[in-house]
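To start, the structure itself, in structure tokens.
The values are calculated or read from the model by the stated rules, or taken from the named source; none is laboratory data. Not measured: the values here are computed from a predicted model. With ideal geometry, Cβ positions are generated from the backbone for all residues, glycine too; neighbour counts draw on all protein chains shown. Side chains included, ligands, DNA and RNA excluded: accessible areas come from the protein's heavy atoms. Shrake-Rupley method; radii C 1.70, N 1.55, O 1.52, S 1.80 Å.
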Amino acid sequence: QVQLVESGGGLVQPGGSLRLSCLLSEGSFIFYGMGWYRQAPGKQRELVADITVGRTTNYADSVKGRFTISRDNAKRTVYLQMNSLQPEDTAVYYCNKANDPMYTWGQGTQVTVSS
């Protein structure tokens with residue numbers, strides 16, 4: 001089964017930037033739209049950005065203009081560039097397919113925005 005390994009999270013001050021990476025264990029993901037999700041404490045997991053096979057991107061209103069999703073099929077990697085981070089962006093971030101059926105979820109990467 002496909003494994004997902006997210007990385008790049010950390011502690012950053014408000015207004016700062018981070019670049020998340022999601023490495024997939026195999027290349028079948030090139031046939032699927034992929035997304036970045038996040039789950040804050042006490043909240044449901046939400047889709048914040050997705051990218052289609054044709055590289056069309058979509059964003060949740062809360063991150064539009066600040067986050068950029070991209071994919072490098074040759075590297076089996078999906079990225080999320082996050083700029084102008086705010087405390088409300090604090091969450092565990094995961095990548096997965098943009099639509100069901102999902103791959104098994106990875107461990108995610110913690111992003112904490114705090115001064």
Requested in this report: Please find, within the stretch 29-50, the residue that is most open to solvent (accessible area, probe 1.4 Å) out of those that are aliphatic (A, V, I, L, M) and modelled with pLDDT of 95 or more.
Outcome: Leu47
Query raised in the report: If you go through the stretch 78-95 one residue at a time, do you hit one that is β-branched (Val, Ile, Thr), in a strand (DSSP E or B) and closer than 14 Å to Gly35 by Cβ?
Result: yes
Query raised in the report: If we keep just the residues of the stretch 59-77 that are in a strand (DSSP E or B) and under 12 Å from the mean Cα position of the chain (by Cα), which is nearest to Thr104 (Cα to Cα)?
Result: Thr77
Report task. Please tell me if Val53 is of a type in the set (A, V, I, L, M) and open to solvent by 70 Å² or more (accessible area, probe 1.4 Å). Result -> yes
Query raised in the report: Can you spot a residue in the stretch 61-70 that is within 16 Å of Ala98 (Cα to Cα) and open to solvent by less than 60 Å² (accessible area, probe 1.4 Å)?
Result: yes
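Listed here are the residues, each with its yes/no results for (1) touching a residue at least 60 places away in the same chain (Cβ under 8 Å); (2) basic (Lys, Arg); (3) surrounded by 13 or more Cβ atoms within 10 Å (Cβ to Cβ).
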site	(1), (2), (3)
Asp72	no, no, no
Arg76	no, yes, yes
Glu88	no, no, no
Thr104	yes, no, no
Query raised in the report: In the stretch 1-28, how many residues are open to solvent by less than 60 Å² (accessible area, probe 1.4 Å), over 15 Å from Gln81 (Cα atoms) and either part of a strand (DSSP E or B) or touching a Phe, Trp or Tyr at 6+ places or on another chain (Cβ under 8 Å) (or both)?
Result: 3
